[in-house]
Amino acid sequence: MLNLSLSELIKILPAVLIGLTVHEFAHAIVALKLGDNTPRELGRLTLNPIKHIDPIGFILLVIVGFGWAKPVIINRQNLKHPFRDDFLISMAGPFSNLLFALILACILKLLLLFVPFSSENMYNMVFSWFLWFIWINVGLGVFNLLPIPPLDGSHLITNLLALKNHTISAAYNKYGSYLLLGIILVQRIGNLNILPIGKVMQAIVTQIFQLVNIL
């Protein structure tokens, strides 16, 4: 997200803000449904972005494409099936972003069908706004599915490792963030494509648009 114009930044800021809020709210509500009231007690069962956004993580996400929100804290002791439920809670975040992207595409389709745009510029502006929102949410979904701590996709691996050896699981969870940061830095500095997130995002966005018959 480097070298953004002011107009692009204005489009990205609300998209990132709302995308992160949807993501964290999904974690919180699924945790509540599975028996853990901790997110509600900590004020995370809300769509208020202020409750979910980490200022530094948000700024970095906008500027360099890598950041974070405040993690939703859960108490595994409150879950009836800790292994399964922890995985479901972790997956709720990224899949909520992908579902939200699909919903946005459906809304865009309805607008294109039933709203008479006054000019081509107005049409392009609306389409561009929705495209940014869809793209950002797909990006949040895909990125967080990576099986590297502290991302949501790592929960399955850390839980499986914990069944065999808690020490290895703890080490993977502790040092995984350094691995992720290292990969991102190597990609940036060396202009490499170690994690083909962009290609996966493009494929998903294209599939969503085809599904709602926009393309």
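Read-outs throughout are calculated quantities, based only on the coordinates presented, and are distinct from any laboratory measurement. Since we're looking at a predicted model, the values are computed, not measured. Methodologically, a virtual Cβ is constructed for each residue, glycine included, from the backbone with ideal geometry; neighbour enumeration extends over all protein chains shown.
From the phi of every residue in region 95-106, what ³J(HN,Hα) in whole Hz does the Karplus formula 6.51 cos²θ - 1.76 cosθ + 1.60 yield, where θ is phi - 60° and glycine or proline is x?
After applying 6.51 cos²θ - 1.76 cosθ + 1.60, I find 6, 5, 5, 5, 5, 4, 4, 5, 4, 4, 5, 5 Hz.
Note down the nm distance, to one decimal, between modelled labels 7 Å out along Cα→Cβ at VAL64 and at PHE127.
3.5 nm
Grab the beta carbon distance between ILE73 and ARG188, set R0 = 45 Å, and tell me the FRET efficiency rounded to 0.05.
With R0 = 45 Å, the Cβ-Cβ based efficiency is 0.90.
What ranking, highest mean first, results for peptides 113-123, 192-202, 80-90 when packing means the other Cβ atoms within 10 Å averaged over each residue?
Most protected by this proxy first, the peptides run 80-90, 192-202, 113-123.
For the chain, what's the relative contact order in percent, using C-alpha pairs closer than 8 Å and at least 6 residues apart? Intermediate results must be reported in sequence, preceding the final value.
Values: 252 pairs, mean separation 42.6, N = 215.
Contact order relative to length: 20 percent.
Note down the magnitude of the dipole of region 1-122 about its Cα centre, charges +1 on Lys and Arg C-beta and -1 on Asp and Glu C-beta and zero elsewhere, to the nearest 20 debye.
In total the dipole reaches around 300 debye.
Once the convex hull of the C-alpha atoms of region 5-87 is built, how many Å³ does it hold per residue, rounded to a whole number?
Values: hull volume 7.2 nm³, N = 83.
Spelled out: Cα convex hull of region 5-87, divided by residues, is 87 Å³.
Starting at the first residue of region 189-205, write each ³J(HN,Hα) from the Karplus equation 6.51 cos²θ - 1.76 cosθ + 1.60 with θ = phi - 60°, in whole Hz, x for Gly and Pro.
Rounded to whole hertz, the list is 6, x, 6, 9, 10, 5, 9, x, 5, x, 5, 5, 4, 4, 5, 5, 4.
Go through LYS174/LYS199; LYS70/LYS199; LYS164/LYS199; LYS51/LYS80 and tell me which ones have a Cα-Cα distance over 31 Å in this structure.
Those over the limit are LYS164/LYS199.
By average Cβ neighbour count within 10 Å, what is the ranking of 129-137, 172-180, 38-46 from highest down?
Per-residue mean Cβ counts within 10 Å order the peptides as 129-137, 38-46, 172-180.
For the chain, with a Gaussian network of springs between Cα atoms less than 10 Å apart, report the residue from VAL64, VAL16, VAL30 with the top mean-square fluctuation.
Maximum among the listed residues: VAL64.
Residue by residue through region 126-142, which ³J(HN,Hα) values in whole Hz follow from phi under the Karplus form 6.51 cos²θ - 1.76 cosθ + 1.60 (θ = phi - 60°), with glycine and proline marked x?
So the Karplus estimates, Gly and Pro as x, are 4, 4, 5, 4, 5, 4, 4, 4, 5, 4, 4, 5, 5, x, 4, x, 5 Hz.
Among ILE168, ILE204, ILE148, determine the one that fluctuates most according to a GNM of the chain built with springs between C-alpha atoms less than 10 Å apart.
Residue with maximal mean-square fluctuation among ILE168, ILE204, ILE148: ILE168.
To the nearest 20 debye, what is the magnitude of the charge dipole of the chain about its Cα centre, counting +1 on the Cβ of each Lys and Arg and -1 on the Cβ of each Asp and Glu?
Rounded to the nearest 20 debye, it is 360 debye.
Using only C-alpha positions, report the orientation-averaged shadow area of the convex hull of region 65-215, nm², one decimal.
Over all viewing directions, region 65-215 projects a mean Cα-hull area of 11.7 nm².
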